[in-house]
Amino acid sequence: MKSKKKTFDAVKFMREQRNRISKDIMDLSPEEIVAYFEGKTTSDKMNKNE
């Protein structure tokens, strides 16, 4: 099987986003978590670089 050089690693990206979101909502109440997800667009969440 030939191996290709990956230009985008979807698994790595998913893990980074999951870890970032977990960190962001760690200390929030359930109501604040709902507001966090309702108040952001997908591009806002993905473009946050911290």
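For residue 32, the accessible surface of its heavy atoms amounts to roughly 90 Å² (probe 1.4 Å, protein chains only, rounded to the nearest 10). The peptide list 21-30, 4-13, put in order of mean Cβ contacts within 10 Å with the highest first, becomes 21-30, 4-13.
The values are calculated or read from the model by the stated rules, or taken from the named source; none is laboratory data. Only a predicted model underlies this, so the values are computations on that prediction, with no experimental measurement involved. Reconstructed Cβ throughout: ideal geometry from the backbone, glycine too, with neighbour counts over all protein chains shown. The accessibility values were calculated without ligands, DNA or RNA, using every heavy atom of the protein model including side chains. Shrake-Rupley method; radii C 1.70, N 1.55, O 1.52, S 1.80 Å.
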